[in-house]
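Asks: The structure follows.
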Amino acid sequence: MATPTPKATLDRNPDKFLTRTVHDLISLEGRTIVITGGGRGLGLALAFAVAEVGGNVAIIDVLDKPHDHFKKLQEEFDVKVKLYNDVTNFPVLEKIFADIVADFGRIDGLVTAAGICPDEPFLQRGAESVARTMNINVLGTYYAAQLAAAQMAKQEPTDFNPRGGSIVFIASIAAHVASKGQTTSDYCASKGAVMSLAKALGVELASIGVRVNSISPGYMLTDMTIDLCDKHPWLADIMTNEPPMRRIGDRMDLKVPVVYLLSDASAYHTSDDILITGGIHAGRLL
């Protein structure tokens with residue numbers, strides 16, 4: 001028999017807004033945030049965002065050597081920063097999360113930015129390549145969320161985080177619409193799975209105080225995007241001119257939304273996907 005839902009008690013203090021400022025709500029001071037794929041690209045920019053509002057950062061990445069900016073992250077902020085090397089394997093990832101807890105003492109947030117995006121026509125896609133995309137983009141996200149949530153559920157409460165935590169998946173505009181000029185069927189499918197997983201987990205984990213959301217960025221300027229556009233110049237035109245705002249996104253466009261979702265500022269926000277696309281999810285300019 002299912003356990004009956006406890007009767008809710010109405011909070012009769014409507015004036016909390018007078019005592020908690022926006023700066024207080026957005027702060028991650030004292031919290032430890034795990035970021036997968038944080039050695040470069042979007043993940044590294046989000047690691048800077050976390051550090052800028054006082055959060056400690058544990059980065060998991062397949063790279064043996066992260067981007068040169070990682071050193072700047074380590075040296076310029078008064079927070080703890082550490083890199084862990086990940087091979088896409090659950091037992092290894094489980095050990096990494098145990099090491100993070102041993103090194104940092106707790107986990108208060110997770111951002112899953114690790115992912116790959118092969119570009120090859122659907123009828124030419126090989127089974128092993130498709131499986132690799134799903135393993136990294138979907139299963140890697142699933143396992144990281146499971147390990148983070150398990151830790152959030154059992155750790156001791158603190159003044160800065162009385163209960164639970166926040167998980168943010170990096171999905172994609174590709175979860176909503178096909179990418180013009182690219183053939184990325186398995187990537188689109190994987191990001192659709194990530195977005196749906198966030199919605200399901202946000203409902204399932206709400207009772208233990210763990211919020212789960214996703215962000216779907218549009219075209220974003222990274223070192224990898226620049227290399228891709230140098231190789232395929234027509235993509236630069238698509239990424240710049242198709243969004244209604246007539247520009248490609250910058251990683252700084254994601255910094256505040258991610259901090260918002262990780263912090264108390266979004267305490268009543270879960271099971272959602274936030275589209276940051278320059279408007280391309282609503283329509284493309286002719």
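Where a number appears in this text, it was derived from the coordinates with a stated rule and is not lab data. These figures come from a predicted structure and were not determined experimentally. Cβ: placed from backbone, ideal geometry, glycine included. Neighbour counts: every protein chain shown.
Asks: For region 180-188, take each phi angle, set θ = phi - 60°, evaluate the Karplus expression 6.51 cos²θ - 1.76 cosθ + 1.60, and give the result in whole Hz per residue in order, putting x for glycine and proline.
Replies: 5, x, 10, 10, 10, 4, 6, 5, 4
Asks: Which of the pairs 154/255; 180/231; 95/154 have their Cα atoms more than 20 Å apart in this structure? The partial results should precede the final answer.
Replies: On the way: 154/255 29 Å; 180/231 16 Å; 95/154 17 Å.
As for pairs spanning more than 20 Å Cα to Cα, those are 154/255.
Asks: Same structure, new question: Identify, among 160, 145, 192, the residue whose Cα sits farthest towards the positive end of the charge dipole of region 129-286, taking +1 on the Cβ of Lys and Arg and -1 on the Cβ of Asp and Glu, with the dipole about the Cα centre.
Replies: Value: 192.
Asks: When the expected Rg is taken as 2.2 N^0.38 Å, what fraction or multiple of it is the alpha-carbon Rg of region 82-159? Present the calculation step by step, with values, prior to reporting the outcome.
Replies: Details: Rg = 15.5 Å, N = 78, 2.2 N^0.38 = 11.5 Å.
Ratio of Cα Rg to 2.2 N^0.38 Å: 1.34.
Asks: Okay, next question. Given 4 °C and 1.567 mPa s, compute D for region 235-286 with the Stokes-Einstein relation, Rh being the Kirkwood radius over Cα pairs; round to the nearest whole µm²/s. Provide the component values of the computation, followed by the final result.
Replies: Numbers: Rh = 12.5 Å.
It comes out at roughly 103 µm²/s.
Asks: Report the trypsin sites (Lys or Arg not before Pro) located in region 180-217 that are in a DSSP loop and have at most 14 other Cβ atoms inside 10 Å of their Cβ, or state none.
Replies: Working: sites: 180, 191, 199, 211; in loops: 180.
For trypsin sites (Lys or Arg not before Pro) across region 180-217 that sit outside H, G, I, E and B with at most 14 neighbouring Cβ atoms in 10 Å, the list reads 180.
Asks: HN-Hα J couplings of region 145-153 from phi, Karplus 6.51/-1.76/1.60, θ = phi - 60°, integer Hz, Gly and Pro as x?
Replies: 5, 4, 5, 5, 5, 4, 5, 4, 6
Asks: Here's another thing I want to ask about it. Sequence gap at least 6, Cα distance under 8 Å: using those rules, report the relative contact order of region 77-195 to the nearest whole percent. Can you show the working numbers first?
Replies: Details: 128 pairs, mean separation 38.7, N = 119.
Computed over region 77-195, the figure is 33 percent.
Asks: Please list, ordered by chain and number, the residues whose modelled amide H lies under 5 Å from the amide H of residue 111; skip anything fewer than 5 residues away on the same chain.
Replies: Hits under the 5 Å cutoff: 34, 35, 36, 168.
Asks: Tell me which aspartates and glutamates have Cα within less than 12 Å of residue 199's Cα, excluding those fewer than 8 residues away on the same chain?
Replies: Candidates past the 8-residue exclusion: 272, 273.
Asks: Then there's this: Just to check I understand the Karplus step: with θ = phi - 60° and J = 6.51 cos²θ - 1.76 cosθ + 1.60, what whole-Hz values come out for region 230-246, glycine and proline as x?
Replies: In residue order, the calculated couplings are 5, 6, 10, x, 5, 5, 4, 5, 5, 5, 8, 9, 6, x, x, 7, 6 Hz.
Asks: Hey, can you grab everything whose amide H is under 5 Å from the amide H of residue 273? Only 5+ residues off in sequence or another chain; H modelled, so Pro and N-termini drop out.
Replies: 214
Asks: Starting from the Kirkwood Rh over alpha-carbon pairs, what translational D in µm² s⁻¹ does the chain have by Stokes-Einstein at 20 °C and 1.002 mPa s? Don't skip to the end; give the middle numbers.
Replies: Values: Rh = 19.7 Å.
It diffuses with D of about 109 µm²/s by this estimate.
Asks: I want to check the label-to-label distance for residue 9 and residue 196. Put each point 7 Å from Cα in the C-beta direction and report it in nm to one decimal.
Replies: So the label points at residue 9 and residue 196 sit 4.0 nm apart.
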